[in-house]
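What follows draws every value from the coordinates through simple rules; no lab data is involved. Bear in mind that the values here come from a model prediction, so they are computed numbers and not experimental data. Glycine also receives a Cβ, built like all others from the backbone with ideal geometry; neighbour counts cover every protein chain displayed.
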Amino acid sequence: MGLFVYFPINFLMFYNYTSHRKNNLNDWGISLLTSYVIGKASLITSLFFIMGVFIVFQVAFAGLKKVLTIKDVNFDEYTLRAILGIIYILVNLFILQSSVRGRAPSWTFINFQLVAVIFYTVILNVPFKFHLFAPIVLSFMIFNSAIKSWESWCLGLILIGFFYTLNRIKVNTDKKFPYLQYIFASLFFGAAYWFFAKIKFNLSYLVFGKEILSLAVLEIFTFGYIAMLFTDIESRTALFRDATHDKLTSAYNYDAFDIDLRDIFRQVKTSDIQFTMLMFDIDHFKSINDTYGHLAGDAVLQNVVKIVQTVIDNNDRKIKLYRTGGEEFNIIFPNYELGATQNIVEEIFSAINHSQTTFDGKKINLTVSMGVSQMKKDEISINDFYSRVDEALYHSKRNGRKEITVN
């Protein structure tokens, strides 16, 4: 009888024990799975957050440019982008850091700090200036009450070294986008940064390894996203250049001239801006083609554009040169009265007329004829103005060529 009682009781005890152990194992498994999913979700959230930060900046920058353009404010696009970007990324970093003060470990957003350096250097394209970047790092240390910590000083120096290295890679590479160089540099400085963070915050090796892995994923994603942006911009720039530039000389083409002339004609009609245009062509160009060949003619056209563009670059880069016909060119002087163009026009005229184009060992002397005119507010149509400048050019050609006619 005892055996009949003993075995069922032990069986029930064993069953309860194994069931309890099984439940514990299930709970442990669920806990581990939950931790894994939350960790992955956190990383995925971080990736989307970074992409969102980049997109919001692009939208804000495009919007600000549009507002300044509408208000007719002159600005340098690269300087505006750098200033807006610095303010934007600092505001984001200080907001993120403020959100964890007194509520979470202050190392929570370290990876975002490192990504911010990438944003500052690679996307904003801010050149390395120690006197600019160091105060930014110092202000962040003060904000975190870390000015007396030797580990924080090490962290600050690593950020500056990271910034400097990314700039060196960017300036000294011959690749369009040195993805692998950026990745290796970022992983090195990221690991060094987390090493001193581990010391400062007494982090476990498990947390240290996890954060390094998360940083690697963030950096691979960040540089991949930037590379994609660069490729897209490069493709659009190439398409735009093909559509607006002459393939032989790289001067603006007739389509670009037609768009710009109509736009500036409208501006003159509706505002107080001034506008002057120069039209010129190469004298006896058909004779050059017949005597030396069409390849020599191409070389002459390329040389003329090079000479004129050099003069323009030395005076005012807002002035544009267009190749509008075979040997015919136009130059638009935005916000220039007729008298203000005189020195530049004469400099271009003299530079071409004293130049030679060497082709196949032969020297080809060049001369040009020019016509110049300022648009008037009472100009009825754009064709009337164009015809007036064209008439000035042909007056120069009818009167022996190699002269400037002002109409």
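Using the Cβ-Cβ distance between Ile87 and Thr244 with R0 = 41 Å, the FRET efficiency computed as 1/(1 + (r/R0)^6) comes to roughly 0.80. Packing order of peptides 365-374, 78-87, highest average first: 365-374, 78-87 (average count of other Cβ atoms within 10 Å over each peptide's residues).
Cβ neighbours within 10 Å, averaged per peptide: list 158-164, 200-206 in order, most packed at the top.
158-164, 200-206
Local charge for Phe257 was computed over the other residues whose Cβ lies under 12 Å away, with Lys and Arg +1 and Asp and Glu -1, and equals -3. Site pair Phe48 and Leu295 shows an inter-label distance of 6.1 nm when each label is modelled 7 Å from Cα along Cα→Cβ. Note that segment 342-354 has calculated 3J(HN,Hα) couplings of 4, 4, 5, 4, 5, 5, 5, 4, 5, 4, 6, 5, 9 Hz, one per residue in order, obtained from phi through the Karplus relation 6.51 cos²θ - 1.76 cosθ + 1.60 (θ = phi - 60°); glycine and proline are x.
Among the trypsin sites (Lys or Arg not before Pro) within segment 237-314, those in coil by DSSP and having at most 15 neighbouring Cβ atoms inside 10 Å are Lys247. Taking the centroid of alpha carbons for each part, segment 202-217 and segment 254-294 are 62 Å apart. If a paramagnetic tag sat 7 Å from the Cα of Arg398 along the Cα-Cβ line, which residues of segment 265-293 would have the backbone N under 17 Å from that point? Output list for this probe position: 281. For segment 302-367, the dipole from Cβ point charges (+1 on Lys and Arg, -1 on Asp and Glu) about the Cα centre works out to 220 debye, to the nearest 20.
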